[in-house]
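Visitor: Dumping the structure here so I can ask a few things about it.
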Amino acid sequence: MTEDTRQAVSRRTFIKGVIAAGAVASSSAYLFRATALHGQPSAAGPVGSVERLITLTVNGQERRIDVMPQETLAMTLRYKLGLTGTKIGCDRAECGACTVLIDEVPYYSCSFLTHRARGKKVVTIEGLADSATGKLSPVQQGVVDEQGFQCAFCMPGFVMAATGYLKTNPSPTRQELAHGVSGNLCRCQDYDKILTALMRGAEHMRNA
């Protein structure tokens, strides 16, 4: 082998080595980025990593679910558990259509991370009626009695907010109940009929 040939082989070997090293570095960077984006913990378990397979208690049942770290409870309820009574309106904690009860307190589920619900009891509009008999809850029955909504997109949120409020004040005045559900908005602006229905629900709750 001549000197020129040896130099050519050496150059080719060097170039191949550089390309291989670059490919390894690029792959490592991609994997690191994918881990950061998708929340997949590495073997070493990076600080701040979140377990994805969690157990939630929803409407009295324990549900095992694969949840992304940034996933909201509204998304989990609707698209993973099929509980579509929880509506997503504004998706920024303004309209209240996504209201659910967490440990009997009303929360906007669109701004509540699912991981925060671990160890808590979540109730949606589907969980208010008696599971054995199908009997509606007092507030739901009040809505039926008074036909208190037009399009009813906002209805589940109002019912959940009122249910939570009435647990703390079962005998409210109309003004007090209006204040209690003031975090919920109605696109149809039918607030007078809504309040009448919710007041009837409060009456049913007291007589139950």
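Visitor: State whether one or more residues within the stretch 140-156 are in contact (Cβ under 8 Å) with a residue 60 or more places away in the chain, part of a loop (DSSP other than H, G, I, E, B), out of contact with any Cys (no Cβ under 9 Å at 6 or more places or on another chain) and under 29 Å from Asn207 (Cβ atoms).
Guide: For the stretch 140-156, residues in contact (Cβ under 8 Å) with a residue 60 or more places away in the chain, part of a loop (DSSP other than H, G, I, E, B), out of contact with any Cys (no Cβ under 9 Å at 6 or more places or on another chain) and under 29 Å from Asn207 (Cβ atoms): absent.
Visitor: Given the conditions (1) free of Cβ contacts under 8 Å to residues at least 24 places away in the same chain; (2) among the charged types (D, E, K, R); (3) not in a loop (DSSP other than H, G, I, E, B), report the number of the one that Glu126 does not fulfil.
Guide: Glu126 satisfies every listed condition except (1).
Visitor: A further question follows. Among the residues of the stretch 157-203, which ones are among the polar types (S, T, N, Q), in contact (Cβ under 8 Å) with a residue 40 or more places away in the chain and either in a helix (DSSP H, G or I) or not assigned by TED's automatic domain parsing to the domain that holds Val105 (or both)? Before the answer, list the steps.
Guide: First, the residues of the stretch 157-203 that are among the polar types (S, T, N, Q): 163, 168-169, 171, 173, 175, 182, 184, 189, 196.
Those left that are additionally in contact (Cβ under 8 Å) with a residue 40 or more places away in the chain: 163, 184, 196.
Once the filter is applied, which keeps residues that are among the polar types (S, T, N, Q), in contact (Cβ under 8 Å) with a residue 40 or more places away in the chain and either in a helix (DSSP H, G or I) or not assigned by TED's automatic domain parsing to the domain that holds Val105 (or both), the stretch 157-203 yields Thr163, Thr196.
Visitor: Same structure again: Taking the condition surrounded by fewer than 23 Cβ atoms within 10 Å (Cβ to Cβ) and in contact with a strand residue (DSSP E or B) (Cβ under 9 Å, 6 or more places away or on another chain), does Arg78 pass?
Guide: No, not satisfied.
Visitor: Let me ask you something else. Search the stretch 100-118 for residues being part of a loop (DSSP other than H, G, I, E, B) and in contact (Cβ under 8 Å) with a residue 24 or more places away in the chain, and hand back the single one that is surrounded by the most Cβ atoms within 10 Å (Cβ to Cβ).
Guide: Phe112
Visitor: Okay, moving on. Check whether at least one residue in the stretch 79-92 is closer than 24 Å to Cys154 by Cβ, of a type in the set (Phe, Trp, Tyr) and assigned to a loop (DSSP other than H, G, I, E, B), and report yes or no.
Guide: No, the stretch 79-92 has no match at all.
Visitor: Related question: I'd like to know if the stretch 134-154 contains one or more residues that are closer than 29 Å to Arg64 by Cβ, surrounded by 13 or more Cβ atoms within 10 Å (Cβ to Cβ) and among the charged types (D, E, K, R).
Guide: no
The values are calculated or read from the model by the stated rules, or taken from the named source; none is laboratory data. Given the structure is predicted, the values throughout are model-derived calculations rather than measurements. All Cβ positions, even for glycine, are placed from backbone atoms using ideal geometry, and neighbour counts span all protein chains on display.
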